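Working notes, beginning with the structure itself.
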Amino acid sequence: MASARAVEAINQTPETTTDEIPVNPPSRREFLFYIWGASMLMILGQSSVGMIWFMWPLFKEGEFGGVFKLDQTVVPSAGDAPNSFPEGRFHLTHPERGLLALYNVCTHLGCLPKWQGARGRFECPCHGSKYELDGTWIEGPAPRSLDRFEMTITFLDGSKSITNLTGDPIDLTGRSADDISLIEINTSKRIKRAGRT
Ligand code: FES
């Protein structure tokens, strides 16, 4: 009797306690679609990172390679000794023709010419190249005059003057330093002089 009950129990179908959802493997088409979607997401992610990297400024304001903001108090009087900014690697000079930001590196082999007030010129300690207040070559082995940086001057009346492509001084005729609201020297924009003039 007992063995007959056991056989009956074995033959009974066990009750299902949960609803099982059949899992079908993705079709070939679905699989390709997933691969394509993942590839597109990767490409989008990479290009977004690249775009952010490109737009992120490489240099901060106030460090060489970035923009230096100065006020009128640092402007030398016309013909006076330049004001030097070693952290920005430039001299702010005021020759008669206007205001200039000179790159402080000698165009011969990269030494740092110093302003010699008694002689009224820059002199390079390495091989003796000499330059005028506006950076124009005077003598020595340097192949060209001192380079310049792009400068933007904003005046109190809201007008602006920007260094032109040849790096000419910004003319202050009819104005004075008191008319200046802001000077911006962009040390990422170096204007190379063509020669010794
Ligand atoms: S590095 Fe200035 S003259 Fe040679």
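Rule-based calculations on the coordinates, nothing more; no lab input. Since the structure is predicted, the reported quantities are computational estimates derived from the model, not experimental observations. Counting neighbours? That spans all protein chains shown, and the Cβs are built from the backbone with ideal geometry, glycine included.
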With the condition kept exactly as written, say whether any residue in segment 34-48 is in a loop (DSSP other than H, G, I, E, B) and more than 16 Å from the ligand (Cβ to nearest atom). no
Does G158 fit the bill of being surrounded by 15 or more Cβ atoms within 10 Å (Cβ to Cβ) and on the phi > 0 side of the Ramachandran plot? no
Residue set L109, L102; condition within 22 Å of A177 (Cα to Cα) and among the aliphatic types (A, V, I, L, M); output residue L102
By residue number, the members of segment 140-155 that are more than 13 Å from R190 (Cα to Cα), more than 16 Å from the ligand (Cβ to nearest atom) and buried (at least 19 other Cβ atoms within 10 Å of the Cβ) are I153
One residue from I170, I180 being more than 13 Å from the ligand (Cβ to nearest atom), touching a helix residue (DSSP H, G or I) at 6+ places or on another chain (Cβ under 7 Å), closer than 28 Å to E63 by Cβ and β-branched (V, I, T): I180
Only one of (1) in contact with a strand residue (DSSP E or B) (Cβ under 9 Å, 6 or more places away or on another chain); (2) over 21 Å from H108 (Cβ atoms) is not met by Y131, so which one is it? (2)
Residues located in segment 112-135, provided they are of a type in the set (S, T, N, Q) and either touching a residue at least 24 places away in the same chain (Cβ under 8 Å) or within 13 Å of the ligand (Cβ to nearest atom) (or both): S129
